[in-house]
Amino acid sequence: MTHVPVTHITSDAERARRYAVLREAMAGAGMDAFVICSRGDEFVRGRVQYVSDIFQWAGRGFVVLPMKGEATFVVDPLWGTGYAMQGMWLNDYRQPDDAGTEIGAVLSDHGLATGTIGIVGLADITSVADYNSMKSALPNANWVDATDLFDDVRAIKSQEEIDSTIETGNIMRRVFNALEAEIRPGVQEVDVLSEAHRLARQLGCMEGIALMGRAPFSCFSPGTRGVIEKDDVMVIDLEWGGPLGYWVEVRRVYSFKPPNDEQKAFWEMRVESFEACVQAMKAGEDSDTVLDARDRVYDKYGYDARDSNSYTAHGIGIDSLEPPWVPGKRRIMEENMMINLHPAIGGFSDPETGARLGGISIADNVLVGPDGGTRMVDQTDEWIVLDA
């Protein structure tokens, strides 16, 4: 088989570290093995990638990680084993007709037919069919949910993971800088965002999205055939997994003339609230303190996002969405958690004002520290005025 160069390969030391901390958590919870479930999308594929360097674009995949012995990758026929084997972390790759039955056989070979098996993904993505098949294969095993246990381990980033995130951030800066030459009156939105995709892929990113919002703001889109005009305010959001698999989301605001007084005041409020949220990202604090910091600033200026269930922040790493979710999945923040921040906004008493201003916003990755967060991509925020 032709060997395909794979960029998202972790070091031997990092591989050993991950297995060690996961097995420590496994032992502490009285489990004998993990069955780590994934599917080919940016929200949950990272669980399998974390323990195998397998990047899966489609289908369902599983890694069986026992307390002792080697791990095994099991995959449905939609995806197959060819590309998975290029990472060369594991030695056992299987493509059965029925994944659950095969997982049962793997566990039985490890002497765990009556063991306690933690299913990573049971809380959110494991299919009923796969779960029933696993239970039928090993009816005397004790099957338990291990989703949060696993996700809480990988939420704490190693220095290698932090460095991989920095690499993705550097690429996003290059893409944004290049896009400034593409954003001009008369150009279609889709053409600007297509260039973002081309550049990100050319610079080694695995997968991602490029979105744009223009006033009047209703949503961010992957690019319409609408033509950019001289009076427009444009907000571009880039969310990409870099060559080593680690995601960042960054947002920048552009126009062809300086912001007017109303826009400037709203932008300065957004900057202030963002900085307050970054400073709230302290190890030992509840993740919802980020919402408290956001709301203290909003209250000063007459805005309110308390009724919004849109994420103001969320964990980010090999997956673009990891715990904590703010609001939604609370955690005590720990040093070296990586969190993406994009404070939700609400409280527009006048819908027309919301349409003019609501999309003007900021996003960046933030690393939790003992005294507050550290931004990973843009150290300061600038409303960028381009030549028309």
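For this structure, a couple of remarks:
- Residues that are of a type in the set (Asp, Glu) and under 25 Å from Phe256 (Cα atoms) within the range 342-388 comprise Glu352, Asp364, Asp378, Asp381, Glu382, Asp387, listed in sequence order.
- Total residues in the range 335-388, condition among the acidic types (Asp, Glu) and assigned to a strand (DSSP E or B): 1
- Restricting Leu122, Leu107 to those that are closer than 19 Å to Met26 by Cβ, touching a residue at least 60 places away in the same chain (Cβ under 8 Å) and assigned to a loop (DSSP other than H, G, I, E, B) reduces the list to Leu122.
- If you go through the range 136-147 and keep only what is part of a helix (DSSP H, G or I) and surrounded by 15 or more Cβ atoms within 10 Å (Cβ to Cβ), you end up with Ala137, Thr147.
- When we screen Ala99, Ala200, Ala196 for residues that are crowded, with 22+ Cβ neighbours inside 10 Å, among the small types (Gly, Ala, Ser), assigned by TED's automatic domain parsing to the domain that holds Met67 and over 23 Å from Gly30 (Cα atoms), the only hit is Ala99.
- Checked against the criterion of being surrounded by 21 or more Cβ atoms within 10 Å (Cβ to Cβ), over 26 Å from Thr147 (Cβ atoms) and not basic (Lys, Arg), the candidates Gly372, Gly359 yield just one match: Gly359.
- Scope the range 167-206; condition touching a Gly at 6+ places or on another chain (Cβ under 9 Å) and on the phi > 0 side of the Ramachandran plot; matching residues: Gly204
A quick yes/no check of all residues on (1) surrounded by fewer than 16 Cβ atoms within 10 Å (Cβ to Cβ); (2) among the acidic types (Asp, Glu); (3) closer than 21 Å to Asp381 by Cα:
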position	(1), (2), (3)
Ala265	yes, no, yes
Ser287	no, no, no
Val297	no, no, yes
Lys300	yes, no, yes
Leu341	no, no, yes
Phe348	no, no, no
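- Residues of the range 203-224 that turn out to be touching a Ser or Thr at 6+ places or on another chain (Cβ under 9 Å), among the small types (Gly, Ala, Ser) and crowded, with 17+ Cβ neighbours inside 10 Å, as a count: 4
- Some residue of the range 173-188 being surrounded by 17 or more Cβ atoms within 10 Å (Cβ to Cβ) and within 18 Å of the chain's Cα centre (by Cα): no
- All conditions in (1) closer than 27 Å to Pro243 by Cβ; (2) surrounded by fewer than 21 Cβ atoms within 10 Å (Cβ to Cβ); (3) aliphatic (A, V, I, L, M) hold for Ala388, with the sole exception of (1).
- Filter pass, Leu211 being under 19 Å from Asn365 (Cα atoms) and touching a strand residue (DSSP E or B) at 6+ places or on another chain (Cβ under 9 Å): yes
The values are calculated or read from the model by the stated rules, or taken from the named source; none is laboratory data. Computed from a prediction, not measured in an experiment: that's the story for all the values here. Please note: Cβ atoms are built from the backbone with ideal geometry, for glycine as well, and neighbour counts cover all protein chains shown.
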